[in-house]
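A.B. asks: My structure is below; once you've seen it, I'll send some questions.
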Number of protein chains: 2
Amino acid sequence: MRASRFLIATLKETPNDAEVISHQLMLRAGMIRKLASGLYTWLPLGLRVLRKVEAIVREEMNNAGAQEMLMPVVQPAELWEESGRWQQYGPELLRITDRHDRAFCLGPTHEEVVTDMVRNEISSYKQLPATYYQIQTKFRDEIRPRFGVMRSREFIMKDAYSFHASEECLQATYQVMHQAYCNIFDRIGLEYRPVLADTGSIGGAFSHEFHVLAASGEDAIVFSDGSDYAANIEKAEALAPTSERAQPSQSMTKVATPSAHTIEEVCAQLAVTANNTVKTLIVLGEAEEQDQTQPLVALVIRGDHDLNEIKAEKLAGVSSPLTFAPEDRIKSELGAGVGSLGPVNLPILTIVDRSAAQLADFVCGANEDGFHLTGVNWERDASLSRTEDIRNVVAGDPSPDGKGSLGIKRGIEVGHIFQLGTKYSKALNASVLNENGKAEVMTMGCYGIGVTRVVAAAIEQNHDDNGIIWPNAIAPFQVAIIPININKSDAVRLACEQLYADLLNAGIDVLFMDEDKARLGVMLANTELMGIPHRIVVGDRGLENGEVEYKGRRDSESRQLPLAGAITHLQGALAH
Amino acid sequence: MRASRFLIATLKETPNDAEVISHQLMLRAGMIRKLASGLYTWLPLGLRVLRKVEAIVREEMNNAGAQEMLMPVVQPAELWEESGRWQQYGPELLRITDRHDRAFCLGPTHEEVVTDMVRNEISSYKQLPATYYQIQTKFRDEIRPRFGVMRSREFIMKDAYSFHASEECLQATYQVMHQAYCNIFDRIGLEYRPVLADTGSIGGAFSHEFHVLAASGEDAIVFSDGSDYAANIEKAEALAPTSERAQPSQSMTKVATPSAHTIEEVCAQLAVTANNTVKTLIVLGEAEEQDQTQPLVALVIRGDHDLNEIKAEKLAGVSSPLTFAPEDRIKSELGAGVGSLGPVNLPILTIVDRSAAQLADFVCGANEDGFHLTGVNWERDASLSRTEDIRNVVAGDPSPDGKGSLGIKRGIEVGHIFQLGTKYSKALNASVLNENGKAEVMTMGCYGIGVTRVVAAAIEQNHDDNGIIWPNAIAPFQVAIIPININKSDAVRLACEQLYADLLNAGIDVLFMDEDKARLGVMLANTELMGIPHRIVVGDRGLENGEVEYKGRRDSESRQLPLAGAITHLQGALAH
């Protein structure tokens, strides 16, 4: 591509409303522009990256035996009513009405549509398994779109759906898809991890997320140093302590803590560490009958631990989604504010984390504003009727598989695969005749990749102070040719034109700065900002020795190359 | 592709609700399925065709120097208010509201969005010309979606927009796009014509439509046999007659025609030909002030001619869009029904077509129910204050360019290119600094191809009683391999597997019927229905002589080919 025919829309300043580095760099490099909240136009530079990601995803899905199709963006309400999601799905589902006052939605996902297609087209177990996918525009009306294309309202997803006559068959396809996802992220050139995940609102029994590792990632993911165990922290089990609880050695004492409102302040005043305190969180429980008020439930965890809301909301007696109790209700029913609660004589259902249940002589709130208790012991001072795993694991915890201990990294979720089971096929009555001629509901899997999100995640993982650093496989251009004084030197122009033609012939994507509009420094800065992984600078001085200057995007120094060997060198550099 | 891994969803019966052949065949071949009115899912077979059309369009747009980008489906109302189209556009524009009660629409076209992008990114004439395009999902809330993907609500369009600092520059790019469109339809392998067209509601000065020729086409297109003049019949001028009008030879006579309600019945009763009669149509004119009733206007054309509504609604004094007057108003103001009107003593503005104005001794309604006049002559009996071109041309009319005479064919519009001028750039104030540093509004062109429509049009043009006949370039599969008794004969299986592998290696798209599920006749019928342009049947009897059977989709007979030469033969057949 000649720069004279390509929209280079780099920005010097970082736009104010861009919070994360990928959003900043996508704007600054001229990849995207905001049209409205959560709606982005992909400029030519950005679209080149997007299309390369799409192409890799498509190839690997085809290799895995999935069949590409294309379903509408606009979906009729009737199907969503059949699955029950028309009522269940929150306001992220953008519901619309056509000119005849019929109800539709903009599809955030396509389980209903694909299940409807399959129930109409597939009638025999002999036609199974079958996996269908599409790469398509989706819409989710996020309440607060942010981070650019990382959490936009309109986005492109690859969504695949598999259909099976048996659970074993689903598991086999699930493994094939797991491998296809690994192939995809390997080929794109990202550092990523598949991790065990919670199935959330999509439903189903078993699920993995694929995370691109990046310090800025929204999710915490957990690894064992002694096995290949990896999970989203939402999902990772904190094993029960194996040692016996210590015997009480102190007597319970009430102390005034009028100015201590946080665990840190309590620890400082009482000279204890947070791991010898507990905090008591109050959430809503399940009402026994539908019209009754939801009772309060106490969740007790160690002061240095974090509540795991996903684990908590799955517990019997706790309402889902997890809802913290309003302050005034706590005050009136328990007689003290949130910061002064504790498990001693607490008149509500109290669920104690297994690590908190292991403490002796610990500190907790006294259920009286401005007071704490020290030397508290379970059984003796506070009843311990129910212990559960309700905390996030922390680095150093033993791995749930019993091998090694856990470490924690940050990740950006870019893919998610589910063993859905029969949630949708049952609701829509999608069945096939089995070997005995009897109708049987199909078993399903579903498999998503956030294609637009992958682009942003790649940047979160690969950038420096000068801009983006694209992996070769998804770079908008693999090589930049930058001339020095092209309008003044025929030798430079000739050498550049020849190199440009040769690179195109070799099938290499190249951006040729064929105009003398910008100063050399600006061209160098722009191509670094745009993340082009390899660049060749051509000037008279080098050409006198038959040389050009090469610099890889991650190299600290440039070096001279013989012009004649430039292509071979670049081919080598691109092969890595 | 192995048939065992591909959704073959052919139907024996023609679905009831499919009116046109392309819709019927797309359903029967298993290319698409209806999700809701005007919303279609593209099954794997259909999507393969769609993607091939897309790929050709993309390559030729890139070759023409256009830059691909991608704009959102969902567009904010504010931009449409800036252009004025939020109010102007009818209910085809699906207006929606997000969770924050902000107004958006599903984009039927992207002039506003791209102009907004360009006004933000391009500031100097030096950055022009620039052409941007996208291949993207669009939505138009048609009141009566029909003909399958030919007139669906959700569809895929290639829309391109060019920006210029001068009119000459626009014209140069317009020519480049015209050529790119010719390249696209040439490569797809369709018989098509670019024709002069009306610019309609998109606006602008100059425009061509690209029509795929097909007997079932909705549009009439007009050609000269003496030049390359071609136009949509909406646009083609009917030249004024060059000879003098004949002198009156009859006196005007009133005759009773109580049972004659149509031109045909009047001609039969009075023993005259339709080309010596006139019909008088009553439409609404323009009110002088906004609150006044629109006056009636008479349009007089020859009895054998058709009114051209596009020409008529552009005339001064006639309201646009053209609206026929209600019967009761005609009756009360003119004293007679529609079938009995004529230009003699008609008390309203009367516009006479130039061919009708040439008649002498003609027949017309008497403005009295049940009566006609014969021997009517202009000037003597009826005033002739205004003559215009308001009819459709007919076969045999002289070509508007003065060379040859006109013929008429039917066409399906698949592309449309416009010299837009400054309609949108002015409204959105999209300007650049010119050579003198002064801000100047950009001039625009826009260029559309209905990508999903091309698929249907290709079928309308290429089919027979057995199904679709794909051009090689967009066939979902180029070749079908059909074995006879593959499960019983190792020789057949071996030969098929080898041929399949060799064809894939040669880069040929092949569908291999690798399973013994269907009878031979069913497999043959299915591949013909699906339109696969070449097929090889492999059976034991032929293999004994080292032969297989080849049949091109348009061939009446199959013939034997040496197995060893099959690939070379197919490569030859595909090169045409």
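A.B. asks: What's the FRET efficiency of A:His261 with A:Asp225 using the Cβ-Cβ distance as r and R₀ = 41 Å, to the nearest 0.05?
C.D. replies: Working: r = 37 Å, r/R0 = 0.91.
So, using R0 = 41 Å, E works out to roughly 0.65.
A.B. asks: Suppose the chain between A:Asn545 and A:Glu244 were pulled fully straight at 0.36 nm per residue; how much longer would it get relative to their current alpha carbon spacing?
C.D. replies: On the way: separation 301, 0.36 × 301 = 108.36 nm, distance 7.76 nm.
Stretched out fully, the A:Asn545 to A:Glu244 stretch lengthens by 100.6 nm.
A.B. asks: Using the crude model of +1 on Lys and Arg Cβ and -1 on Asp and Glu Cβ, and no other charge, please compute the dipole size for region A:479-575 relative to its Cα centre, in debye to 20.
C.D. replies: Details: 10 positive and 14 negative charges, 54 e Å.
With only Lys, Arg, Asp and Glu charged at Cβ, the dipole is about 260 debye.
A.B. asks: Hey, another quick one. Give me the dipole magnitude in Debye, nearest 20, for the protein assembly as shown about the Cα centre, with unit charges on the beta carbon: positive for Lys and Arg, negative for Asp and Glu. Let's see the in-between values first.
C.D. replies: Details: 110 positive and 154 negative charges, 259 e Å.
For this selection, approximately 1240 debye.
A.B. asks: Of A:Thr97, A:Ser556, A:Ile567, whose Cα points farthest to the positive end of the dipole of chain A (charges on the beta-carbon: +1 Lys, Arg; -1 Asp, Glu; origin at the Cα centre)?
C.D. replies: Result: A:Ile567.
A.B. asks: Run the quick spin-label model on B:Leu504 and A:Asn275: label points 7 Å from Cα toward the beta carbon, then report their separation in nm to one decimal.
C.D. replies: Inter-label distance under the simple model: 5.7 nm.
A.B. asks: What distance in nm separates the two pseudo spin-label positions at A:Thr14 and A:Thr293, each 7 Å out from Cα along the beta-carbon direction?
C.D. replies: 4.9
A.B. asks: Would you pull out the residues with amide H under 5 Å of A:Ile96's amide H, same chain only if 5 or more places away, H placed 1.01 Å from N?
C.D. replies: It is A:Phe104, A:Cys105, A:Leu106, by chain and number.
A.B. asks: Now for a separate question. Do any trypsin sites (Lys or Arg not before Pro) in region B:57-161 lie in a DSSP loop with no more than 14 other beta carbon atoms within 10 Å, and if so, which? Mind showing how you got there, number by number?
C.D. replies: Working: sites: B:Arg58, B:Arg85, B:Arg95, B:Arg99, B:Arg102, B:Arg119, B:Lys126, B:Lys138, B:Arg140, B:Arg146, B:Arg151, B:Arg153, B:Lys158; in loops: B:Arg99, B:Arg102, B:Arg140, B:Arg153.
Taking region B:57-161 and a limit of 14 other Cβ atoms within 10 Å, the loop trypsin sites (Lys or Arg not before Pro) found are B:Arg102.
A.B. asks: Starting from the Cα-Cα distance between B:Arg5 and B:Glu440, subtract it from 0.36 nm times their residue separation and give me the gain in nm to one decimal.
C.D. replies: Full extension from B:Arg5 to B:Glu440 adds 150.8 nm.
A.B. asks: Can you give the FRET efficiency for A:Glu379 and A:Ser332, using 1/(1 + (r/R0)^6), R0 = 45 Å, r = Cβ-Cβ distance, to the nearest 0.05? Please report the intermediate quantities before stating the final value.
C.D. replies: On the way: r = 29 Å, r/R0 = 0.65.
That gives a FRET efficiency of 0.95.
A.B. asks: When you look at the Cβ of every residue in B:62-73, what mean number of other chain Cβ atoms sits within 10 Å? Working shown, then result.
C.D. replies: On the way: counts 1, 0, 0, 3, 2, 9, 6, 11, 13, 8, 13, 8.
Average per residue, whole number: 6.
A.B. asks: Where does the Debye-calculated log10 I(q)/I(0) of region B:318-418 sit at q = 0.11, 0.13, 0.22 Å⁻¹, using only Cα point scatterers of equal weight, no solvent?
C.D. replies: With no solvent term, the Cα-only Debye profile gives -0.50, -0.67, -1.23.
A.B. asks: So, one more: Of A:Pro347, A:Ser399, A:Leu359, which is farthest towards the positive pole of region A:243-402's charge dipole, taken about the Cα centre with +1 and -1 on the beta-carbons of Lys, Arg and Asp, Glu respectively?
C.D. replies: Positive-end residue among those listed: A:Leu359.
A.B. asks: Can you figure out the FRET efficiency of A:Glu81 with B:Arg410, using R₀ = 45 Å and their beta-carbon distance, to the nearest 0.05?
C.D. replies: Working: r = 43 Å, r/R0 = 0.95.
According to the calculation, E is roughly 0.55.
A.B. asks: Give the separation of the Cα centroids, region A:482-503 to region A:28-81, in Å.
C.D. replies: Using only Cα atoms, the two centres lie 37 Å from each other.
A.B. asks: Please label the shape of region A:17-166 as rounded, prolate or oblate, based on the square roots a ≥ b ≥ c of the eigenvalues of the alpha-carbon gyration tensor (a/c under 1.5 means rounded; beyond that, a/b larger than b/c means prolate, else oblate).
C.D. replies: Values: a/c = 2.64, a/b = 1.36, b/c = 1.94.
It is oblate, given that a/c is not under 1.5 and a/b is not larger than b/c.
A.B. asks: Another question, if that's okay. Within region A:184-270, report the chymotrypsin sites (Phe, Trp or Tyr not before Pro) that DSSP leaves as loop and that have at most 14 other Cβ atoms within 10 Å.
C.D. replies: Details: sites: A:Phe185, A:Tyr192, A:Phe206, A:Phe210, A:Phe223, A:Tyr229; in loops: A:Tyr229.
Those that pass, being in a loop and sparsely packed, number zero.
A.B. asks: Pull out the extension gain between B:Leu349 and B:Glu368, defined as 0.36 nm times the separation in residues minus the alpha carbon to alpha carbon distance; nm, one decimal.
C.D. replies: Details: separation 19, 0.36 × 19 = 6.84 nm, distance 1.86 nm.
Taking 0.36 nm per residue and subtracting the Cα distance, the gain is 5.0 nm.
A.B. asks: In nanometres, what is the gap between the two model label sites at B:Ser320 and B:Ser216, each 7 Å from Cα along Cα-to-Cβ?
C.D. replies: Using points 7 Å along Cα→Cβ, the separation is 3.4 nm.
A.B. asks: Which of rounded, prolate or oblate describes region A:479-575 when judged by the alpha-carbon gyration tensor and an a/c cut-off of 1.5? Before the final figure, lay out each step's value.
C.D. replies: On the way: a/c = 1.35, a/b = 1.11, b/c = 1.22.
Since a/c stays below 1.5, the shape of region A:479-575 is classed as rounded.
A.B. asks: Tell me, what are the semi-axes, in whole angstrom and largest first, of the equivalent ellipsoid of region B:157-262 as set by the roots of 5 times the Cα gyration tensor eigenvalues?
C.D. replies: Details: eigenvalues 342, 75, 47 Å².
Semi-axes (√(5λ), whole Å): 41, 19, 15.
A.B. asks: GluC sites (Glu not before Pro), restricted to region A:424-469: which are DSSP loop and have at most 11 other Cβ atoms within 10 Å? All intermediate terms of the calculation are to be shown ahead of the outcome.
C.D. replies: On the way: sites: A:Glu435, A:Glu440, A:Glu460; in loops: A:Glu435.
Passing both the DSSP loop test and the Cβ count: A:Glu435.
A.B. asks: Another question, then. Going by a ≥ b ≥ c, the root eigenvalues of the Cα gyration tensor, does the protein assembly as shown fall in the rounded group (a/c under 1.5), the prolate group (a/b larger than b/c) or the oblate group? Could you put the intermediate results ahead of the total?
C.D. replies: Values: a/c = 1.81, a/b = 1.68, b/c = 1.08.
The shape class here is prolate.
FYI, it's all coordinate maths here, none of it is from the lab. The structure presented is a predicted model; accordingly, all values stated were derived computationally and were not measured. Every residue, glycine among them, receives a Cβ derived from its backbone with ideal geometry; neighbour counts consider all protein chains shown.
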